[in-house]
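See below for the structure under consideration.
Please treat every number below as a calculation from the coordinates, not as lab data. Computed from a prediction, not measured in an experiment: that's the story for all the values here. Cβ atoms come from the backbone with ideal geometry, glycine included; neighbour counts cover every protein chain shown.
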Amino acid sequence: MMAIRSSFVASIVLSCLVATCYGVTFSSLQRTLVVTASPQQGQVLKGGEDTITLTWSLNTTFPTGTDSTYHTVKFMLCYAPFSQKDRAWRRTEDNLEKDKTCQHKIVTMPYASSNNNFTWTVQKDVPTATYFVRGYVLNSHDEEVAYGQTTDSNKVNNLFQIESISGRHVSLDIASVCFSAFSVVSLFGFFFLEKRKAQASAAK
Ligand SMILES: *[C@@H]1O[C@H](CO)[C@@H](O)[C@H](O)[C@H]1NC(C)=O
Ligand SMILES: *[C@@H]1O[C@H](CO)[C@@H](O)[C@H](O)[C@H]1NC(C)=O
């Protein structure tokens, strides 16, 4: 009885370790996708205006059947190390549930081994930073099973920058808030002056 119970507990703990409870680790994923993105090394893209075209395929050096469990591919914008420095909220963790490297979803597409492309307009809410693109291959249970990315494993080559235009919006918003505050103040100022004038003429 004890033995059955402890092996039951052990199997739960084990299945937790393997997958769902602690999440899939990045280091356990094979890099089987070849992913390219249109931006040149160092190019600066503007949010809300510029586009990124992705092309991707299975790396044909892997044996046939490698992709038999592949179901979808989820592409993300990921922070380059330079833009992660001193920012714990963008940190890289091997456990993908805790990893904050890739925070902006580009698209999820059904998996196909070749002839894949997608063009995305950089969204306005993407913060100004240096990025690369990573595609996670998911199985039919939405678990990561492989990946591909536009940069090398040290994340040095083929990085590009995105310049957010939300900065511009913020200053416009501040300007309009200041302007309305100014009108309210001048309105009260006007009443105050009129009252003073009325009092002054009443005192005469
Ligand atoms: C395909 O995979 C092999 C083995 O991992 C690797 O050496 C090669 O660079 C990859 N090819 C491309 C185009 O990424
Ligand atoms: C781009 O994707 C379309 C399907 O969305 C496909 O028909 C076409 O062949 C692809 N082109 C390339 C160059 O991969």
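Results, tabulated for the structure shown:
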read-out	value
Qualifying trypsin sites (Lys or Arg not before Pro) for the stretch 16-85 [loop in DSSP, other Cβ within 10 Å: at most 12]	Lys85
Percentage, to the nearest whole number, of Cα pairs in the stretch 45-136 over 18 Å apart	52 percent
Dipole magnitude of the stretch 67-175 about its Cα centre (Cβ charges: Lys, Arg +1; Asp, Glu -1), debye to nearest 20	360 debye
Estimated distance in nm for a label pair at Asp86 and Val156, the labels positioned 7 Å out from Cα along Cα-to-Cβ	2.4 nm
Whichever aspartates and glutamates have a C-alpha closer than 16 Å to that of Lys85, once near sequence neighbours (fewer than 8 apart) are set aside	Glu93, Asp99
His71/Ser27 FRET efficiency (R0 25 Å; Cβ-Cβ; nearest 0.05)	0.70
